[in-house]
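Worksheet: the structure to be examined is printed underneath.
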Protein chains: 2
Amino acid sequence: MSDKKIPTKIYLTEDEMPRYWYNVRADMKEKHPPFLHPATLKPCTPEDLYPVFCKELVEQEFDQTNRFIEIPEGIREFYKMYRPSPLVRAYCLEEALGTPAEIYYKFEGNNTSGSHKLNSAVAQVYYAKKEGITSLTTETGAGQWGTALSMACAFYKMKLTVYMVKVSSQQKPYRKAVMETYGATVIPSPSDTTQIGRKILAENPTTGGSLGCAISEAIETAVTTDKCRYVLGSVLDHVILHQSIIGQECKIALDKYGITPDVIIGCAGGGSNLGGLIAPFMGDKLNGKSDARFIAVEPASCPSLTRGKYAYDFGDTGKMTPLLKMYTLGNGFMPSPNHAGGLRYHGMSPIISKLYDDGLIEARSYEQTSVFDAATLFAKCEGILPAPESSHAIKGAIDEALECKKTGEKKVILFGLTGTGYFDLAAYMAFNNKTMTDYIPTDADLERGFATLPKID
Amino acid sequence: MSDKKIPTKIYLTEDEMPRYWYNVRADMKEKHPPFLHPATLKPCTPEDLYPVFCKELVEQEFDQTNRFIEIPEGIREFYKMYRPSPLVRAYCLEEALGTPAEIYYKFEGNNTSGSHKLNSAVAQVYYAKKEGITSLTTETGAGQWGTALSMACAFYKMKLTVYMVKVSSQQKPYRKAVMETYGATVIPSPSDTTQIGRKILAENPTTGGSLGCAISEAIETAVTTDKCRYVLGSVLDHVILHQSIIGQECKIALDKYGITPDVIIGCAGGGSNLGGLIAPFMGDKLNGKSDARFIAVEPASCPSLTRGKYAYDFGDTGKMTPLLKMYTLGNGFMPSPNHAGGLRYHGMSPIISKLYDDGLIEARSYEQTSVFDAATLFAKCEGILPAPESSHAIKGAIDEALECKKTGEKKVILFGLTGTGYFDLAAYMAFNNKTMTDYIPTDADLERGFATLPKID
């Protein structure tokens, strides 16, 4: 730690902004196992994925060796509209906790999508446009990814169809309205616009849908439409690559003040925020230049790391995707309906899964009322009303800071504040009215999910 | 204009942030006429206002001579949590319009209250706390001010009661939820908690309420409760003083790059954003150092400047406030129910009114569908989903820029983007679905409002 006074917010100038994404796989001694083709169970080739994803993204997905990948100028120009995101010293939260720890958070919510998702959305649309693609499909659950992608598509004048989990589209009509304002077509999923959607509706006409099912519909539409591709907002390696902008900016900002984080904490659903935040710091660790700890925080109601299996599984319910080796609760797992917000995906990024399996990342889970407690304290101290997802990281950081209070340690804690909770006020209302409940899946619940894992060995 | 490349966003460092609010009244050759006591019709004294407002705020209200007023360190520390706000060069909007003009906007929406209102909220709560006040009351319409004040009160551990216009509290339950998350008590107005509320309910049990009526209830509660004061989010001189932080930051940022605005545009409801944005630039104009133009933009449905009278009027429906000389539609004027968002106050800041009457400010009005057209274009180009209020300034800026396109002039246009539209999506939905309508008050509508003006002379 230098003696330089740390401002409340550390911003980078445009000149200081990163010109490269950092590809953490290049520094991993052992890479995660390859994707398997769902039909042949053989490792996927890039050619297998071209009908689904843009070429450049497939190449990024398979690139496990290039450490730095230049961010194209067009994307850097877009980034300038809402980045750099502030790195904030949580002076007020520290004071409220009475901790000797220093707490920093990287705030990704200062854009209309309200989250970090825009970092990858713009990249994916940029490449699609460059390759002559004229329309994209995707899925969205809580709506952050769909909003981010709508913004990027509006900017690049790209057609977009968003399959939105039906129950979310009913609970969050305003999320739908934002996407429509940006020109996207939003279809509640399951829908009658796809074969898989019609099949699911025939089996269960009243289903509220799921992320896995919306993914299946989006992929089906992409592969059956001319000059159309599918884009995904988390889980995959190329998404984590784009999200490394978060960690890269963080590291430059901390380095300016000679600050070295001891603990880095992120919420983990599909893993893109966590993966992006920790990327360059993990690089230092993998190269023996840091002994920082990394903590993934997940909801107790969807505990893929803390209670899942490290196994090959499909990314979707319709079993259309390649098989990914990841921590998973089984593609048929559904979090209980009282679960608020995102972080409800059955699996976890293969990169994060591998790092976790190698003991390089720790994981913990929290019940949602304790998460909203942390969120409310944070909102009162730091002003920002956090997203339920992000609040998992807040809770993790608070617990670390309180541990420091006990031990007297002056640790430097960094966490990712991925977004704002402006579209999650129904959940805040439930919390304020004390009608919010917790649910921890029973072992039997988990067994039902694991039973949906594909049998391969 | 210097040759230095203008970044997309100009941020100030903490060291560059203003230490002083600028009091534009000090440079006005002729001040606005004094407030009149509602009972005696004599000019108010500070003592008249002490039961209602904090002492320091009353002194600021009466201070027409001190040019610079130091921002207390406590307030500057709070400002650091969400300020400086970015000054953005709207490169993408310029390109979309094909204009030779340079467009800049000062974005005040990067905080949870979603608007500039927090700038005065924190100041007012800070002084109240310092004077031993233990609780505050206020009113809110669209909810921005109530949210901002809730945030400031949570930070300073001050009790807060917000009288929220009943129809707004029904239409915007999430706004209410945010305020409650920050610990405020939100009461739909008119309510049975005050005499004036009970009187209004007795006369009209099904009324949806109005801002003027909510103000009356909040004042009644403040003056009848021990160690309680009333706070107001716009209109008054001390609010405009606090909001000068917007203009001060803007001017420092522009000066860094040698940029001089030719036209400065703000939306105008009560006038606090416009007054704060233009303050230091108007100072230059008053001192003969600038020939910039200033444009106030208001909704055609609530046209206090463009169609109102410059007259003494009450600030509230209950006729409890002092009389202010201002442009007004009459305290009984109500915008038609199809009007979306804020900017629905019957009057206008006495400072803005005086500057307008002196010909130093221009005014224009727009119908709301044209405003939402501008908002949607802006959202697509610049990423940010703007508040309906702010979108009036966007529309004004676009029209100026298109005028430059015709004439070939390279004007520098600066406008205030006061906030985000995340809580206004019902209005965006109506616009997207083409169910949004326009309404321009007829002369008869206006006459009904003017009939409620007090008869004094």
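The values are calculated or read from the model by the stated rules, or taken from the named source; none is laboratory data. Because the structure is a prediction, the values reported are computed rather than measured. Heads up, the Cβs are rebuilt from the backbone with ideal geometry, glycines too, and the neighbour counts pull from every protein chain shown. Each accessible area value is taken on the protein alone, full model and side chains, heavy atoms only, with ligands, DNA and RNA left out. Shrake-Rupley method; radii C 1.70, N 1.55, O 1.52, S 1.80 Å.
Some notes on this structure:
- Total accessible surface hidden between A and B, rounded to 100 Å², 1.4 Å probe: 3700 Å²
- Note on segment A:160-300: Cα convex hull, mean projected area over all directions, 11.7 nm².
- Note on surface exposure: A:I440, B:I413 rank A:I440, B:I413 by accessible area, highest first, 1.4 Å probe.
- Label-point separation, A:E203 to B:K406 (7 Å along Cα→Cβ), nm: 6.2 nm
- Peptide A:350-361 - average C-beta neighbours from other chains (10 Å radius): 0
- In segment B:151-216, Cα pairs under 8 Å separated by at least six residues give a relative contact order of 35 percent.
- Gyration tensor (alpha-carbon) shape descriptor, segment B:128-195, a/c threshold 1.5: oblate
- Pairwise centroid distance, computed over Cα atoms, of segment A:177-246 with segment B:282-353, Å: 48 Å
- Cα convex hull of the protein assembly as shown, projected area averaged across orientations, nm²: 36.9 nm²
- Pairwise inverse Cα distances across segment A:238-286, averaged and inverted, put the Kirkwood hydrodynamic radius at 10.9 Å.
- Percentage relative contact order, chain B, counting C-alpha pairs under 8 Å, at least six apart: 19 percent
- Charges were assigned to the Cβ only: +1 to each Lys and Arg, -1 to each Asp and Glu. The resulting dipole of segment A:255-294 about its Cα centre is roughly 40 debye.
- Cysteines in chain A lacking a second Cys C-beta under 4.7 Å: A:C44, A:C54, A:C153, A:C213, A:C228, A:C250, A:C267, A:C302, A:C404
- At least 50 Å² of accessible area lost relative to the chain alone, listed for segment A:93-117 with a 1.4 Å probe: A:N110, A:T112
- Peptide B:173-183 shows a mean partner chain C-beta count of 6 within 10 Å per residue C-beta.
- Chain A shape via C-alpha gyration tensor axes, a/c threshold 1.5: rounded
- A 1.4 Å probe run over the protein chains yields, for segment A:89-144, 22 Å² of accessible area per residue, whole-number rounding.
- Exposure of A:I10 as accessible area (Å², to 10), given a probe of 1.4 Å and all protein chains: 10 Å²
- Taking the C-alpha atoms of segment B:1-47, convex hull volume expressed per residue in Å³: 196 Å³
- Anisotropy class of segment A:300-340 from Cα gyration tensor, a/c 1.5 cut: oblate
- Ranked from shortest, the separations from the 7 Å Cα-to-Cβ label point of A:A96 to its equivalents in the other copies are 3.6 nm.
- Within segment B:211-306, the trypsin sites (Lys or Arg not before Pro) that combine a DSSP coil assignment with at most 13 other C-beta atoms in a 10 angstrom radius are B:K227, B:K289.
- Segment A:312-413: radius of gyration and largest Cα-Cα distance (Dmax), Å: 16.6, 52
- Using C-alpha pairs below 8 Å separated by at least 6 residues, the relative contact order for segment A:113-186 is 33 percent.
- Each helix, a run of at least 4 DSSP H residues, gives -39500 (n - 2.57); summed and divided by the residues of chain A, these come to -12500 deg cm²/dmol at 222 nm.
- Inter-part distance where segment A:393-457 and segment A:103-159 are each reduced to a Cα centre, Å: 25 Å
- Accessible surface of segment A:212-332 [probe 1.4 Å, protein heavy atoms]: carbon and sulfur percent: 48 percent
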